[in-house]
Structure formats: C-alpha cells, structure tokens
Amino acid sequence: MTCLPKLSVLLLFAICGGQVNSQNDPTPKVEALYPKGFRVTLDDDNYQFFGFRGNINKPFDDGINEGEIKKDIVTKSRGKWIYTNRDVTLKIGDTIYYWIFIRQNGQGRMITELEHTVTEFVNPDGTPVKPSGGTQPATQAPNTNTAWVWGPAGNGNQPSNRFDPPGPDCKLSKTMVVGLGNICAETLIFNEEFTKTKLGELTQWESLIQFPDEPDYPFNLYRPDNTITLEDGSLVITPVLTETDTQSLYAVMDLSTSCTGKINSPECRREGVGAQILPPVTTGKISTRHTFSFKYGRVEVRAKLPSGSWIVPEINLEPTESSYGSTKYASGLMRVAFVRGNLGLAKKLYGGPVLTDSGPFRTALLKEKIGIDNWHKDFHNYTMVWRPDGMELLVDGETYGTISPGGGFSEEARKNSVPHASVWQRGTVMAPLDQMFHLTLGLRVGGVYDFDDGLEGKPWRNTASKAMLNFWKAKDTWFPTWYNGAMKIDYVRVYAL
Ligand SMILES: *[C@@H]1O[C@H](CO)[C@@H](O)[C@H](O)[C@H]1NC(C)=O
C-alpha cells in the first residue's frame, strides 16, 4: 500500500490507519540556520518515510492541513532523517508550527501540534552563531558607541544583520543590540515566554547568587534554590525565610564559589554579628547581563506582581557597563513596573527611571497610576518605551506617563544637588539612559529607600543601623501577609523602535 502524503491528509490518515500523538512519539530537533532556512532532524527508528508540514508564525488552527512548507523524505542518511529548508528567512522569536508524518513497520503515524520558537541561529555544522562571538564588549566612554561590537562582530565572520536582512521593507531602527549590526524597525529583538519547566533550561538568563548591597541595602539575598520555579508557562519568584534548621542568621554565609557579585566583598560573604544579622529573607533574581543588552526599544512584560508587606518587584532595566559610575544609581535604573506589596500601597503603580539613591530626585521622574484595584491582584501588561528623546509608560495598552529629558536629566538633577549629575553632561540629553541596559527580574524586601519612615506599621527606620534587625524582629507583623508573595512573569518581549 502506498501512503503518499500528496493525498488529502484525512484520506491518508484513513488509508494508513495512522494514529495521532501518543506518549512515545519521537520529536525532531529543529534548528534555525544562519543566514537562512532551518533544519529538522529526526533520529531513525526503523522508519520507512518521514514527511514534514509547516507554517511560519501561523498555527494549524483549522485542523491538520498541508501547510505552507511541505517536504516528503523517503531516504535516511546515517541514521537520521533530515529536512533542510534553505528558503525561509527567520528571525528571533519566530515560531515554526509543524506536524510530521512517519511510517514505521508499515504503519503510518502523525505527530501533530509541534512547534519551535527561534531563540538562536546555528551554522550548518550545528554550532551556535553567537551575537558577539562570545566576547563581551569592552568598557566604553559614555558618549561614543565605538567600543561596542557593531557590524561584523567578534571573530569577524559574524553576520551584521542577524534578524532581518535590510530589504525594501526595512526601516532602520534607532535600537541597538550588543553584538549586532543594523536592526530593522519593530523587530522582536528579545523574547522569553517561559515555556520551559526547569530554570536550568532558560538559555537567555543567569540567576543571581549574591547579597544585594549599595544603595538600597534590601533585607534579602538572592539564591535561586527554592525561590525560582517555572510553572504553567510563567516564571515564579517566591520569597522564603533564610533561617532554617541548619542556617541561623548569626553565622557566616559565604557564596564564594557560586557568587555572581564582587568576590571578596559583602556581595559574596556575610557574617551575622550583633545587629548585623544575615539577610532574613531569600529571594530570586535573574538577569540577561551576559546574554542580551540593548539601547532603546519597547519592553513588554506580562506579570502578576507580588503581594505582601514590604515586598517589591524588580522588573527593571539595569546598566550593563556602569559608564557614569557604579554607586547611587549614577548610571541609572529603569523600572518597567513597581508596586509596593503592602495592602495599603498596592493601588499605586510606578514606572520610569531612578537616577539617584535618595529623595526627592530618586522618585522625581517616576510616573504613577492609581489602579481601581490592587495591581497585584491580577496579571497586567506593563510596557515601557525607551527612546533617544524620552520615555513612555503604559499599562494594559494605556499610556499613564511620558518623560521628557528637556535639556538633559542632568539639569534638573543638579538643582536637586545630585552629586553625579555633572558626569552625565558627557552624554546625550538622555544620559545616563543613553547606554546599553539589560533586563532583570527579581524580588526584593524592605531596604532603606523604597519605604518612607512614617508608613503605618513600618518596623524599621531607614537611617537606623538596626534597620534589618528591627525588620526581622517584627516578622509576625509581615510574614503572615506573604501568602501571595510570589511574582509571576508570563513573558518578556523587547521590540526595536
Ligand atoms: C495583554 O496582552 C495579551 C497578549 O499578550 C492580550 O491577550 C491581553 O488582552 C492584554 N491585556 C490587556 C488588559 O491589555
């Protein structure tokens, strides 16, 4: 009996007595090839035939049909069935929806609803095409771009246009990505849907293992164990108490071998003595510092913010090189969404830049939106547009604030006696927000700037040396409020302007 998928699919299915997906279905490997095309590889298991049906960015929502890309393969080579497509142009974030058909022992079998989202490109030999040839760009002077790797990157044989070769439709974007050349407008330059099930499977993020320190001195440390999980397609970050049967807050905690902070500094080693206890809370934080940094673009994050007293979310852009200084937020921080977890404060959403550690200028540029309900009650879409001439904040598609640098942020900052304001004059009007930034997602607790003294029930004073100890002593007032203390992130997408 012949069983050629040229026939109508349903007919073929009937003739071959095929069966639809079962547990032991083989899944092929799909790789996006540089500069064009993709490759599908299926390990042989006594198959007589392999057929591929695919669509780019279009699910097979009307049942099984033939798709835009069809290929029947009747011979295998070296134990593998390989289909190489050399025609389609893919970019990061594109999804190949496909189904396959195999024949084994004369029996036909369809494996449907498969998909592959492009997160990287490989050379024909399967080695990844790295944006910057694996090397990080050198530190640069703030007002030039020359030290970043543009155009043919790293080892010299990298593409200068990894996403969209500029065709007639390409409008050049002002967005820049470390390691890449020109980018076409509106391209999806970063996509994380958190569809994996294990943290270790996330390839675009690194988990922080360190004690956060200056300038906010939060009351937590970062460690992914027990704090970061992937559940139902979301990243979940949960705050837990540091104190356990084996760990007291009066002990030495040395993160040295795995520490992501500065070795031999309080970021990597602490000792709990007297009022200086170990951070009583452990949370998680992930970052794209070593994998994805960019300048200007639109960041979209769908998230459910954490609820609970003194918990704050970190959905931030942080400077990759601290070109304007590394203390007191001299190189800036951008908050995509910020809501304090306390019930009485959770209707106020903030977004925008933090350009110094202390008030009043710390919060002067943040935009605020009062919610009908507490923001942490549901998932919302938080968007930040970062342009060479200003910023815009949106929630659920609605603009709630725009920020204009006027004659430069340094002007207003100088009036507020911000010590590092003069350094920004080396840059553009957006300085310090005219450099490469990366994404961070995390949770922090307390600290000495995000909660004003005088807030009802606040157990510590910001300037007190016993701030963290007093916070810990009041555990019975805040810990019971943490039953919904986790932050959930559904996706993070960054588009070129
Ligand atoms: C948020 O974005 C998702 C798509 O990512 C969309 O389905 C949803 O309607 C948006 N929600 C709001 C309230 O805009």
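The values are calculated or read from the model by the stated rules, or taken from the named source; none is laboratory data. As the structure is a prediction and not an experimental result, all values here were calculated from the model. Cβ atoms come from the backbone with ideal geometry, glycine included; neighbour counts cover every protein chain shown.
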### Query
Could you list, in sequence order, the residues of the stretch 302-325 that are crowded, with 23+ Cβ neighbours inside 10 Å and either within 16 Å of the ligand (Cβ to nearest atom) or not assigned by TED's automatic domain parsing to the domain that holds ASP434 (or both)?
ALA303, LEU305, ILE315
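Only residues that are more than 20 Å from ALA346 (Cβ to Cβ) and touching a helix residue (DSSP H, G or I) at 6+ places or on another chain (Cβ under 7 Å): list them for the stretch 440-459, please.
Residue satisfying the conditions is VAL448 alone.
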### Flag for PHE479 being more than 16 Å from the ligand (Cβ to nearest atom) and surrounded by 22 or more Cβ atoms within 10 Å (Cβ to Cβ)
no
### Task
Output the number of the condition that GLY274 fails; it satisfies all remaining conditions of (1) in contact with a Gly (Cβ under 8 Å, 6 or more places away or on another chain); (2) loosely packed, with under 13 Cβ neighbours inside 10 Å; (3) not β-branched (Val, Ile, Thr).
(1)
### Breaking point among (1) farther than 27 Å from PHE471 by Cα; (2) free of Cβ contacts under 8 Å to residues at least 12 places away in the same chain, for LYS262
(1)
### Task
Mind counting the residues in the stretch 377-420 that are assigned to a helix (DSSP H, G or I) and either among the small types (Gly, Ala, Ser) or within 15 Å of the ligand (Cβ to nearest atom) (or both)?
3
### Task
Determine if the stretch 430-438 includes at least one residue that is within 16 Å of the ligand (Cβ to nearest atom), assigned by TED's automatic domain parsing to the domain that holds GLY308, of a type in the set (A, V, I, L, M, F, W, C) and in a loop (DSSP other than H, G, I, E, B).
no
### Query
Is it the case that THR89 is modelled with pLDDT of 85 or more, not in a loop (DSSP other than H, G, I, E, B) and not aromatic (Phe, Trp, Tyr)?
no
### Task
Might you let me know whether the stretch 305-320 holds any residue that is in a loop (DSSP other than H, G, I, E, B) and free of Cβ contacts under 8 Å to residues at least 12 places away in the same chain?
no
### Task
Considering (1) under 23 Å from THR203 (Cα atoms); (2) assigned to a strand (DSSP E or B); (3) over 14 Å from the mean Cα position of the chain (by Cα), say which one LEU235 fails and leave the rest.
(3)
### Message
Every residue in the stretch 482-497 that is more than 18 Å from HIS380 (Cβ to Cβ), away from the ligand (no atom under 16 Å from the Cβ) and outside any helix (DSSP H, G or I), please.
### Response
ALA496, LEU497
### Task
Answer yes if at least one residue in the stretch 397-418 is within 16 Å of ASN342 (Cα to Cα) and at pLDDT below 95, and no otherwise.
no
### Task
Could you tell me whether any residue of the stretch 450-461 is surrounded by fewer than 18 Cβ atoms within 10 Å (Cβ to Cβ), more than 16 Å from the ligand (Cβ to nearest atom), under 31 Å from the mean Cα position of the chain (by Cα) and in a loop (DSSP other than H, G, I, E, B)?
yes
### Query
Hey, among the residues in the stretch 203-224 that are in contact with a strand residue (DSSP E or B) (Cβ under 7 Å, 6 or more places away or on another chain) and polar (S, T, N, Q), which one's modelled with the lowest pLDDT?
GLN204
### Query
Out of GLU186, GLU206, GLU231, which single residue is of a type in the set (D, E, K, R), in contact with a Ser or Thr (Cβ under 6 Å, 6 or more places away or on another chain) and closer than 23 Å to VAL301 by Cα?
GLU206
## Note on the structure
Within the stretch 350-376, residues being part of a strand (DSSP E or B), buried (at least 23 other Cβ atoms within 10 Å of the Cβ) and within 16 Å of the ligand (Cβ to nearest atom) number 1
### Task
Write out, first by first residue and then by second, each pair whose Cβ atoms fall under 6 Å of each other, whose residues are 6+ apart or on separate chains, and whose first residue, in the stretch 215-244, is assigned by TED's automatic domain parsing to the domain that holds PRO313 while the second is charged (D, E, K, R) and part of a strand (DSSP E or B).
PRO218/ARG444; ASN220/ARG444; TYR222/LYS285; SER234/LYS488; SER234/ASP490; VAL236/LYS488
